[in-house]
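Here the structure comes first, spelled out in structure tokens, and everything after it is commentary.
The values are calculated or read from the model by the stated rules, or taken from the named source; none is laboratory data. Because the structure is a prediction, the values reported are computed rather than measured. Using ideal geometry, Cβ is built from the backbone for each residue, glycine included, and neighbour counts are taken over all protein chains shown. Note: accessible area is taken over every heavy atom of the protein model, side chains too, but ligands, DNA and RNA are not part of it. Shrake-Rupley method; radii C 1.70, N 1.55, O 1.52, S 1.80 Å.
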Amino acid sequence: HDTIWQYMLMQKDTCHPDGATVYGMVELWAQVGEPQRALDYITQLEQWDSQYQTQGNSLEENPFLPIPNIYCALMEAYSRSKHYSPKDSRHEILDIWENKIQSTKLAHRDSTKLYARACHALAGCGQLDAAHNLLDDLCRRYEEDIVDNNISNDSELARHSLRPDRVLFTTLISAYGRAGRPQEAQRVFDTMDKMAQKNLLKDPDFLMYCELIWAYGRVGDTKSTKALLQRMIQTMEDDIDVEAAPSTRQEDVNNSDTTNTNSYQDWASAWNAVLVSWANSNDPHAPEYIRMMIKELEEMDRQNATKQNSGGKARQPLVTAYSYTILLHCYAQQGTIDSAKAAEELFAWMKQHQQKNDVTNDVSADEKHNASGNSMILDRNSYLNVILAWCRAGRPEKAEAHLENFCREVRENPNQHGIEPSSMTPPAPLLDVQHFTLILEAWAKSSNQSAATRATNVFGLMKEMNIAPNVVSYTSLLWAWAKTADKTRDSAGSIINIFQDMHHQWQDQGDEACKPNHIAYNALLSGLSRSSDPSALDTATKYFMQMEQMHDLKPSGFLYNTLMAAWSKRDRPDQTQALFDEMVQRYNNTRDPDLRPNSVVYRTLLRAWSKAGNPTQASAAMKDWIEAYQSRRIREAPSELEFSLVLQAWIKSSLDQAPDRAEQGLRQMMQFAQSGQFDCLPSVFTVTTVISAYARAAQTRPDAGQKAWDLFLLLEELGQIDQTLSNKTRGPKGRKRNGDEFEPNLLTGSQVIKALIHSPTPEVETRIQHVLETLFQVMRHRRGQKKSSSFRTELRSGHIFRNLKSSLKKSTLESRDDLIRLCHQIENVAE
């Protein structure tokens, strides 16, 4: 077309392009989503228009006058463009609408069709609220004009240039429904309904009701779908054949033959939407409800079949193969072994009826249909849901077995397809990439030691079936290998080969569906960072540094965090800090929100320095986090866990003042919690950590026993503080804790006793007895409760308790025998 265009420009004296020609070129570029090319033609047209008017020519004969539709086509080009983000597309579309259409004196600029094209363009790039605003503006202008001009004649209303039509409302309702926003879809529906009550528009039709019911159905709102269907039945009963809806009274049935079969099909679609709402509801009883509804619909179909045999009108069935596929999907959503078995049985039943349909010579007409009278044809979704059911149930091996059977079935019947194709539509295959990808994802989540090998086999089977993998398939395979990377030395090589194969399919074979994305890179980096191969992490860093050059992908915060965590596990906090500093620098330079440090990144940095026993760097990271939170650069505040990492950094540092500095940090946490600044009230875990530090220093510090004893008594005070805080407002991240979080456990008690033995204090034996009696009371209190399981596990593990008794036996305490007997009592209570 560009060639023809250039030829017309060369022959401008005889065939110079005019506005219609430019409109055609703009439409062509709009269809392929190239707004810049479309804009070039419009700019040329506007220049010709300006030159024409400057020469004093007649405006009525102006062949270069831009028409509104040419700007509508440009809006659609932005809507389809892959070069613009949805936000940028929205900006461009609204700018065209306001500055090129509404602000000019173009002919027919107030046409409903222009509003419709603008709404479609906005909806196409996901900007539904902007489209809704345009629709509201159209409705407002239409209603104001009707009132101002006192128009009441139906024919005049129908011819009004700003009269919204049902298609526009239905399009927006459908778009909101697909986006999972049924409340907004309801508002669009209510707008038309209110205007219909004022006799400004016609009542909502079948399609509008169905789209709204589907909007609620997709999010599993069973109550709204059922209520809407009942309203649809009541509203439409005078206009359609209500035998499509259940009725308890014979006089409610309209037997008029004037209604076409399309309305009946709309009822089937509406009922299926109700079934889908149950399937998506996550209700454990959903399969039972769907079965009951299908039986009810089957009964209505049988009654209609009886009337048809008596000379009545032929009707399409309410229950279709899709109805049973919905039930299959519902079973798959349950995620249990029993529901997977039920899906398997239902699929076998459906397949049996399909085979009966295929045998036309020996089977009667009645037998060629299922119980509802509808021909049973399995499609890709039927096969998909059987696989999904076993994957959700955590049994990928069963899903893989079914997939192998399906592949064998396709090989034996290469022309078999799930949908009867029309002459204009290519047949839909039974199996596609999604069937295989589901199993790949299931193996990636599996703890099975052979998961990576099994996933590789599934991937190979997909290629054998000539089904092209996509980036999701490759990523799932990468994750399957990443999960076993720490157990298999050669996993790094497999991971690199998979990634390179994906890169080859995209770059060399031109398959855009295989272009690596951030999720694929995360799987790659995670797998390499977990590998036992010493060079794997360096390789991961190399890929990370090249991703922008290779695949035009900018590093993101979660990719930085993946590498930071990997270096932390390799005891390289310096590399973790370097990556953090690089990410912050890139964020400061670009203000890319994906690079803004968040709580996950700060937590990784804290863990790295805490593990390395570097309290200076850990404290600096915590200070930076607090400043970022207080300046609202980060949403999540540090909690007890993060503050305790700083304490652990002190304790691991082996510095002489480490226990004291850790205790100072603990008491500062108490102050933060009591003042409401942070939800970081120390629990028994944090207190025990500091007590353990004093216990280890007891032989060189005379005051260690007293310090450990004071902290032991502090637990009771912490429980009281928590009770006080729970009665107040505790901030956005605050929570009411379980009282057990402040009760001493076996490790707490053993460390206090160790400190008291090696660094005696006044009344040391009385204090040790108090500690043991407290543990005994805690054990009795927890006895028979599920919360005691962790406490009993400590006792059954034995080493802590044995060390405690051993320390008492070696001590010079006069009451050591009594104390050892008390230890035995605690052990007996635990058993």
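Scanning the range 611-622 for residues that are hydrophobic (A, V, I, L, M, F, W, C), assigned to a helix (DSSP H, G or I) and buried (at least 17 other Cβ atoms within 10 Å of the Cβ) gives A618, A621, M622. Q303: in a helix (DSSP H, G or I), surrounded by fewer than 22 Cβ atoms within 10 Å (Cβ to Cβ), of a type outside the set (S, T, Y) and free of Cβ contacts under 8 Å to residues at least 24 places away in the same chain, yes or no? So Q303 does not fit the description; no. Of the residues examined, M465 is one that is more than 28 Å from the chain's Cα centre (by Cα) and at pLDDT 90 or above.
Candidates in the range 623-640 are the residues that are open to solvent by 10 Å² or more (accessible area, probe 1.4 Å) and either within 28 Å of W709 (Cα to Cα) or of a type in the set (A, V, I, L, M, F, W, C) (or both); of these, the one that is modelled with the lowest pLDDT is I634.
Yes or no: the range 597-610 includes at least one residue that is of a type in the set (G, A, S), part of a helix (DSSP H, G or I) and either farther than 29 Å from D533 by Cβ or open to solvent by 20 Å² or more (accessible area, probe 1.4 Å) (or both). Checking the range 597-610: at least one residue is of a type in the set (G, A, S), part of a helix (DSSP H, G or I) and either farther than 29 Å from D533 by Cβ or open to solvent by 20 Å² or more (accessible area, probe 1.4 Å) (or both). If you check A482 against the conditions, is it at pLDDT 95 or above, open to solvent by less than 70 Å² (accessible area, probe 1.4 Å) and of a type in the set (G, A, S)? Considered against the rule, which asks whether it is at pLDDT 95 or above, open to solvent by less than 70 Å² (accessible area, probe 1.4 Å) and of a type in the set (G, A, S), A482 comes out as no.
Matching residues to (1) outside any loop (DSSP other than H, G, I, E, B); (2) among the hydroxyl-bearing types (S, T, Y); (3) at pLDDT 75 or above; (4) surrounded by 22 or more Cβ atoms within 10 Å (Cβ to Cβ):
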| residue | (1), (2), (3), (4) |
| --- | --- |
| E345 | yes, no, yes, no |
| W349 | yes, no, yes, no |
| K356 | yes, no, no, no |
| H369 | no, no, no, no |
| S382 | yes, yes, yes, yes |
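Scanning the range 453-474 for residues that are under 24 Å from H551 (Cβ atoms) and either of a type in the set (A, V, I, L, M, F, W, C) or open to solvent by 10 Å² or more (accessible area, probe 1.4 Å) (or both) gives A455, T456, F459, M462, K463, I467, A468, P469, N470, V471, V472.
Where residues in the range 487-518 are open to solvent by 40 Å² or more (accessible area, probe 1.4 Å) and small (G, A, S), which of them is nearest to Y474 (Cα to Cα)? Result: A513.
Residues are listed down the side, and each one gets a yes or a no for (1) open to solvent by 10 Å² or more (accessible area, probe 1.4 Å); (2) acidic (D, E); (3) at pLDDT below 80:
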{"position": "N57", "(1), (2), (3)": "yes, no, yes"}
{"position": "N62", "(1), (2), (3)": "yes, no, yes"}
{"position": "N69", "(1), (2), (3)": "yes, no, no"}
{"position": "M75", "(1), (2), (3)": "no, no, no"}
{"position": "R80", "(1), (2), (3)": "yes, no, no"}
{"position": "D88", "(1), (2), (3)": "yes, yes, no"}
{"position": "E92", "(1), (2), (3)": "yes, yes, no"}
{"position": "E98", "(1), (2), (3)": "yes, yes, no"}
{"position": "S103", "(1), (2), (3)": "yes, no, yes"}
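Within the range 261-300, the set of residues being more than 17 Å from L346 (Cα to Cα), of a type in the set (S, T, Y) and either part of a helix (DSSP H, G or I) or modelled with pLDDT of 95 or more (or both) comprises T261, S263, Y264, S269, S277.
The number of residues in the range 476-527 being assigned to a helix (DSSP H, G or I) and over 19 Å from A565 (Cβ atoms) comes to 20. For the range 483-511, filtering for residues that are charged (D, E, K, R) and under 25 Å from G557 (Cα atoms) leaves 2.
Restricting the first member to the range 757-773 and to residues that are crowded, with 19+ Cβ neighbours inside 10 Å, and the second to residues that are of a type in the set (D, E), the beta-carbon pairs closer than 8 Å and six or more apart or on different chains are S759/D703. For first residues located in the range 644-655 and touching a residue at least 24 places away in the same chain (Cβ under 8 Å) and among the hydroxyl-bearing types (S, T, Y), partners that are assigned to a loop (DSSP other than H, G, I, E, B) and surrounded by fewer than 23 Cβ atoms within 10 Å (Cβ to Cβ) and lie 6+ apart or on another chain with Cβ distances below 8 Å form the pairs S653/G613; S653/N614; S654/G613. Screening the range 181-210 for residues that are open to solvent by 40 Å² or more (accessible area, probe 1.4 Å) and either farther than 28 Å from I146 by Cα or of a type in the set (A, V, I, L, M) (or both) and picking the one that is nearest to the chain's Cα centre (by Cα) gives R181.
The single condition among (1) modelled with pLDDT under 90; (2) of a type in the set (S, T, N, Q); (3) assigned to a helix (DSSP H, G or I) that T812 does not satisfy is (3). Close Cβ contacts (under 7 Å, 6 or more residues apart or on different chains) running from residues in the range 543-564 that are among the β-branched types (V, I, T) to residues that are surrounded by 20 or more Cβ atoms within 10 Å (Cβ to Cβ) and outside any loop (DSSP other than H, G, I, E, B) comprise T562/L525; T562/S526; T562/S529.
Comparison of T325, T320 shows that the only residue that is under 20 Å from Y383 (Cα atoms) and at pLDDT below 85 is T320.
Tally up the residues in the range 641-682 that are among the acidic types (D, E), modelled with pLDDT of 95 or more and either crowded, with 19+ Cβ neighbours inside 10 Å or in a loop (DSSP other than H, G, I, E, B) (or both), please.
Total satisfying the criteria: 2.
Within the range 426-452, the residues that satisfy the criterion of being surrounded by fewer than 24 Cβ atoms within 10 Å (Cβ to Cβ) and farther than 19 Å from G335 by Cβ are P426, P427, A428, P429, L430, L431, D432, V433, Q449, S450.
If you go through the range 553-583 and keep only what is more than 20 Å from S610 (Cβ to Cβ) and either over 24 Å from the mean Cα position of the chain (by Cα) or aliphatic (A, V, I, L, M) (or both), you end up with L553, L559, E582.
Entry remark, the range 584-595: residues being open to solvent by 60 Å² or more (accessible area, probe 1.4 Å) and either in contact (Cβ under 8 Å) with a residue 40 or more places away in the chain or within 28 Å of the chain's Cα centre (by Cα) (or both) number 5 in total.
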